[in-house]
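Here is the structure we will look at, set down as structure tokens.
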Amino acid sequence: MTKNNVPVPANSDPVEKVRAFLRGKGYPDQITISEETIFTVEDASRAVGAPPAHILKSLVFIADERPVLALMSGVNKVNPKKVRDACGAKKIRMADPDYVLNWSGYQVGGVPPVGYPEEVEAFLDEDIFQYAIVWAAAGSDHAFFPVTPEDLMKMTGGKKYPVKK
């Protein structure tokens, strides 16, 4: 099966979906599996060994009944109205964990910025561009990978946008 011209393993585990996406798009597979959880920004900061600002939060919103992503620096809070304005929606709400899992196959705490079942609009917090590398979840709350903000923008097809509060 392919999604967005990238082979996606059928019935694969979530980390393998992210790995297949990265490889399929020509990015290095630098996924690390940690015994420590990365469920929260603080957990991820400890597990990765990077400041909380360098941890990427991948937040799923529902904008006029379609999913969109806000990719945020770990220290920032998202402003849903700015996400709504960015995607031209009339209504916006944060997706609940059941929606995220059913739509994407990823559980909250391990939601990656890539590897979705369909193209999804993504808005990248401007602040992540201050850092050479940010650390993103790779499909589980024990898997992560490093990525430059520029590569993140390319691999998601996203836009740099002021979405923080």
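Bear in mind these aren't lab numbers, they're just calculated from the coordinates by the rules spelled out. Please read these numbers as outputs of a predicted model, since none were measured by experiment. Virtual Cβ from ideal backbone geometry, glycine too; neighbours counted across all protein chains shown.
Some notes on this structure:
- Note, ³J(HN,Hα) from phi for the stretch 46-51, Karplus 6.51, -1.76, 1.60, rounded to Hz, x at Gly and Pro: 5, 5, 7, x, 10, x
- Where GluC sites (Glu not before Pro) in DSSP loops with at most 14 other Cβ within 10 Å are excluded, longest remaining stretch of the chain: 66-117
- Across the stretch 99-106, rounded Karplus estimates of 3J(HN,Hα) from the backbone phi angles (6.51 cos²θ - 1.76 cosθ + 1.60, θ = phi - 60°) give 4, 4, 5, 5, 6, 9, x, 10 Hz, Gly and Pro being marked x.
- The fewest-to-most ranking of Trp135, Trp103 by surrounding Cβ atoms within 10 Å reads Trp103, Trp135.
- Here the residues Lys164, Lys57, ranked from fewest to most Cβ neighbours within 10 Å of their Cβ, fall in the order Lys164, Lys57.
- Contour minus Cα-Cα distance for Asp98 and Arg46 (0.36 nm per residue): 16.0 nm
- Between Glu119 and Lys81, the simple label model (points 7 Å from Cα in the Cβ direction) yields a spacing of 3.1 nm.
- Ellipticity estimate at 222 nm from DSSP helix runs (n ≥ 4, -39,500 (n - 2.57)) divided over the chain, nearest 500: -7000 deg cm²/dmol
- Distance between the C-alpha centres of the stretch 48-87 and the stretch 111-143: 9 Å, rounded to the whole angstrom.
- Once both labels are positioned 7 Å from their Cα atoms along Cα-to-Cβ, the gap between Ala132 and Glu65 label points is 4.7 nm.
- Candidates Ser140, Ser45, Ser73, ranked by Gaussian network fluctuation over the chain, Cα under 10 Å, top entry: Ser45
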